Ligand code: ADP
Ligand code: ZN
Ligand code: ZN
């Protein structure tokens with residue numbers, strides 16, 4: 001791509017005086033690198049313009065990628081550009097970013113472009129807004145209005161014309177009431193010019209008084225605004241005030257009239273963050289995530305592209321928004337694997353955010369209490385700066401972390417809470433404080449088997465066991481979403497003696513809590529029991545107001561919540577994450593357990609964390625108990641360095657999949673036979689993937705491993721170019737993989 005852009009630029013230089021009769025237009029399609037079109041006379045095009053072009057019998061929206069064209073279509077077959085959209089062109093930075101991401105991930109440029117133009121409706125001119133006002137001289141009493149209608153009429157007496165949705169919200173009625181009044185003639189319609197003014201965050205509002213450490217950290221970050229590219233790790237224990245500190249950097253960027261992008265994993269699940277932002281800046285930021293309506297996406301997109309959205313907070317996809325004047329990027333919880341997109345274009349939003357900052361020549365701040373090894377290595381190599389907040393704010397003590405050796409403290413059969421944990425919970429409840437029990441497993445039990453023959457209930461579409469969800473009364477596959485009722489007889493031996501649940505999920509822990517502490521009020525927190533931000537918000541409120549004594553949950557309970565009375569955290573199975581044994585198992589377990597532990601004792605009440613484990617000598621458990629994060633990171637870094645694994649080597653996964661097992665295996669074998677044999681390059685596999693069948697597709701994996709000094713993309717390109725793949729088989733490339741399943 002870069003070569004091509006360069007040659008296009010050269011061509012532009014060359015025939016500067018000739019008419020630019022051709023342009024290359026990139027289309028948001030997962031094929032090719034763009035097509036040439038003729039520019040009809042009278043149409044003046046520039047790079048980045050949104051244009052409509054014919055493609056086959058259709059017309060499509062695309063972007064002028066290069067002037068002059070590439071010359072790969074003969075003059076006679078060249079089609080005309082249909083027209084140019086009256087929308088701000090795609091900026092040079094965003095176009096270069098699209099090309100960069102495509103080249104890095106081996107995705108087609110058009111596939112990445114599609115992410116950068118995900119809201120085509122926003123490129124159409126904004127339509128005027130229909131608003132309503134009281135009709136003059138209308139006899140309202142003749143209508144004998146209902147109470148709801150009366151509220152609308154009273155409201156509009158003192159207000160300028162408003163859209164139906166706003167009236168309905170203000171008056172507490174449905175918008176049908178407003179429309180009904182308009183039809184009856186009581187309201188008149190007015191067309192308002194489209195208004196795209198989201199509330200503007202105010203950097204002049206006072207923030208909290210910062211401690212000395214916090215102030216110098218804030219100054220270090222704010223000092224980078226306007227000074228070109230820089231990358232900084234903001235490293236500090238949970239509760240040290242990292243959020244307050246980067247809010248200062250956001251304020252500095254806003255004072256400089258620049259836009260700010262904050263990436264948060266799972267933004268929809270963090271209402272608390274939004275409340276804090278509002279408390280600091282006087283209004284909510286613009287949110288960007290998958291749960292927005294089409295209209296919200298369209299308005300949000302326009303507000304960003306017109307520079308009217310000061311701060312955007314979003315998940316991965318917000319990286320591809322058309323900021324005209326981005327001045328700062330913040331990536332909070334930078335270590336989170338949720339930043340890795342696994343479908344479509346497989347990219348890591350944290351890493352690509354750094355690229356975007358680099359291309360846009362702006363600062364980026366990566367924030368974490370448990371930074372990823374990748375980021376730590378970048379700090380050590382001097383590529384990233386580091387700013388540290390050493391202590392919890394206001395002297396709040398770090399929680400005391402202890403391991404419970406389960407070999408010495410076995411729970412009764414069919415129980416999962418060890419006696420010391422039960423004891424600690426009792427003390428907490430008696431003191432009127434709250435406890436969290438953490439288990440990263442949804443549902444009631446991860447495995448269900450026949451009581452007579454031991455047959456295990458598996459998913460018909462995947463190599464995965466079905467998980468019982470007792471609250472929902474279903475068995476569920478966590479890979480593909482297949483659900484079924486518990487069968488009345490065993491599919492293997494036809495016995496009707498019933499099934500046995502093996503192992504615990506959060507629902508089963510809740511059952512035990514109910515049994516052990518019948519008086520305690522508890523709540524189960526998992527992605528399938530809490531639907532959407534409103535439910536999360538309600539739960540957080542009920543915990544804060546002490547309507548809940550014990551929270552039982554998956555990773556969701558670990559998300560930056562702040563509960564002053566939460567003093568005990570019990571980890572049901574601290575060994576769980578270590579079993580898969582993939583590259584990041586230890587690092588990931590450390591991060592999750594550290595984050596869960598950070599929920600305990602955030603205010604004046606000291607906290608206590610109990611880790612149930614069968615392997616208390618494991619390096620992860622020891623590091624947590626001893627509170628020695630940096631020693632753990634060093635040991636982990638040593639292991640990776642020795643094995644040549646990331647961040648000290650490079651990896652790319654190839655996943656071959658398809659409905660026909662023989663074809664899939666044939667392609668995988670061919671890839672194995674043509675594997676690159678170069679110094680510093682190794683290929684592992686092919687082997688059946690751990691999920692060797694997923695959603696009915698057979699899967700094989702290969703893993704390419706190269707030395708750090710070798711760029712992995714050219715190796716991949718050369719390799720893939722040699723192997724012909726039938727249309728029914730897919731070869732997915734995953735550069736810097738996080739999942740090995
Ligand atoms: P982190 O992001 O490092 O976990 P937070 O920024 O969430 O830390 O701070 C933890 C708690 O301490 C929050 O409730 C926050 O409002 C409070 N806090 C931190 N710094 C200050 C400060 N300087 N003044 C008042 N409250 C603060
Ligand atoms: Zn059976
Ligand atoms: Zn399945």
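Nothing in this text is a laboratory measurement; each read-out follows from the coordinates by a stated rule. Computed from a predicted model, the values in this text were never measured in an experiment. Neighbour counts run over all protein chains shown; Cβ positions are idealised from the backbone, glycine included.
Taking the alpha carbon gyration tensor of the stretch 149-298, what are the square roots of 5 times its eigenvalues, largest first, to the nearest whole Å?
42, 16, 15
Over 21 Å apart: what share of the alpha carbon pairs of the stretch 485-624 falls there, rounded to a whole percent?
Tail of P(r) above 21 Å: 53 percent of Cα pairs.
Could you tell me whether the stretch 245-318 comes out rounded, prolate or oblate from its Cα gyration tensor? Rule is a ≥ b ≥ c as square roots of the eigenvalues, rounded for a/c under 1.5, then prolate if a/b exceeds b/c, otherwise oblate.
Oblate, because a/c is 1.5 or more while a/b does not exceed b/c.
If each residue's Cβ is checked for other Cβ atoms within 10 Å, how do 65, 301, 416 rank with the fewest at the top?
Placing the least packed residue first, the sequence is 416, 301, 65.
Which value at 222 nm does the chain reach when only helices count, each DSSP H run of 4 or more adding -39,500 (n - 2.57), with the total divided by all residues and rounded to the nearest 500 deg cm²/dmol?
The per-residue figure over the chain is -9500 deg cm²/dmol.
Whole number please: convex hull volume per residue of the Cα set in the stretch 354-393, in Å³?
Per residue, the Cα convex hull of the stretch 354-393 comes to 86 Å³.
Output the peptides 129-135, 406-412 sorted from most to least packed, where packing is the average of other Cβ atoms within 10 Å over each peptide's residues.
The most tightly packed comes first, giving 129-135, 406-412.
How big is D, in µm² s⁻¹, for the chain by Stokes-Einstein at 37 °C and 0.692 mPa s if Rh is the Kirkwood radius over C-alpha pairs?
After rounding, the answer is 112 µm²/s.
Determine the distance separating the Cα centre of the stretch 154-186 from the Cα centre of the stretch 656-696; give it in Å without decimals.
Here the answer is 62 Å between Cα centres.
Beta carbons within 10 angstrom, averaged per residue: use that to sort the peptides 310-321, 349-360, highest first.
310-321, 349-360
Can you tell me how the stretch 629-695 classifies by the Cα gyration tensor, rounded, prolate or oblate, using a/c under 1.5 as the rounded cut?
oblate
Which order do 519, 361 fall in if you start with the one that has the fewest other Cβ atoms within 10 Å?
Going from least to most buried by this count: 519, 361.
For the stretch 258-394, compute Rh as the Kirkwood radius over C-alpha pairs and then the Stokes-Einstein diffusion coefficient at 20 °C and 1.002 mPa s; write the answer in µm²/s, rounded to an integer.
136 µm²/s
Using Cβ contacts closer than 10 Å as the measure, can you line up 599, 442, 673, 276 from fewest to most?
Fewest-to-most ranking of 599, 442, 673, 276: 673, 276, 442, 599.
For a quick protection proxy, order the peptides 251-258, 240-247, 137-144 by their average other-Cβ count within 10 Å, most packed first.
Final packing ranking: 240-247, 251-258, 137-144.
Over the Cα atoms of the stretch 548-592, how large are the radius of gyration and the largest Cα-Cα distance (Dmax), in Å?
Expressed in Å, the Cα Rg and Dmax of the stretch 548-592 come to 12.6, 38.
In the P(r) worked out for the stretch 275-321, what percent of Cα pairs fall beyond 18 Å?
Across the stretch 275-321, Cα pairs with separations above 18 Å total 27 percent.
For q values of 0.22 Å⁻¹, compute log₁₀ I(q)/I(0) with the Debye formula on a Cα-only model of the stretch 15-124, without solvent.
Once normalised to I(0) and log-transformed, intensities are -1.28.
In units of 2.2 N^0.38 Å, what is the alpha-carbon radius of gyration of the stretch 433-552?
The reported ratio for this selection is 1.20.
Tell me the Kirkwood radius of the stretch 360-516: reciprocal of the mean inverse pair distance over distinct alpha-carbon atoms, in Å.
Value: 20.1 Å, from the Cα pair sum.
On a C-alpha basis, how far is the centre of the stretch 39-78 from the centre of the stretch 285-335 in Å? Whole number, if you could?
So the two Cα centres are separated by 29 Å.
Mind listing the Cα extents of the stretch 177-244 along all three principal axes, in Å, largest one first?
Per principal axis, max minus min of the Cα coordinates gives 64, 30, 20 Å.
Does the stretch 443-492 come out rounded, prolate or oblate by the C-alpha gyration tensor, with a ≥ b ≥ c the root eigenvalues, rounded set by a/c under 1.5 and, if not, prolate when a/b is larger than b/c and oblate if not?
Note, shape of the stretch 443-492 comes out oblate.
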